[in-house]
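These notes concern the structure reproduced below.
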Amino acid sequence: MRQHTTQLGLQHMDILSGAGHDAMYMASVCPSGMIFIPCTKGVSHNETENARPADVVAGTRVLAACVMDLANR
């Protein structure tokens with residue numbers, strides 16, 4: 001994910017999520033990670049959650065690049 005984010009010219013940072021996301025369980029089976037995008041005031045998992053369309057597009061571009069890379073291995 002880092003490699004593709006960098007290649008796309010997008011800013012990124014590594015974070016550790018303490019939440020019990022699916023990736024936490026998948027990590028015992030295979031390398032796993034998640035793509036997070038910025039939300040207004042950092043609010044997520046809430047009805048007031050809001051993300052800018054540009055950030056949604058950027059996250060989708062990273063996901064697509066990762067899927068294409070894995071599909072072509």
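Each value in this text was obtained by applying a stated rule to the coordinates, not by laboratory testing. Worth saying up front: this structure is predicted, and the values here are computed from it rather than measured. Because the Cβ atoms are built from the backbone with ideal geometry, glycine has one as well, and the counts that use them run over all protein chains shown.
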Extension gain from Cys30 to Met1, taking 0.36 nm per residue of separation minus the Cα-Cα distance: 9.0 nm
What nm distance separates the two modelled labels at Ala65 and His45, each placed 7 Å from Cα along Cα→Cβ? 2.8
Long-range amide H partners of Ser44 with built H, under 5 Å: none
What's the Cα-based Rg to Rh of the chain, Rh via Kirkwood? 0.98
Order 8-18, 51-61 from most to least packed using the mean count of other Cβ atoms within 10 Å. 51-61, 8-18
Nearest 20 debye, what's the magnitude of the dipole of the chain about its Cα centre given +1 on Lys and Arg Cβ and -1 on Asp and Glu Cβ? 200
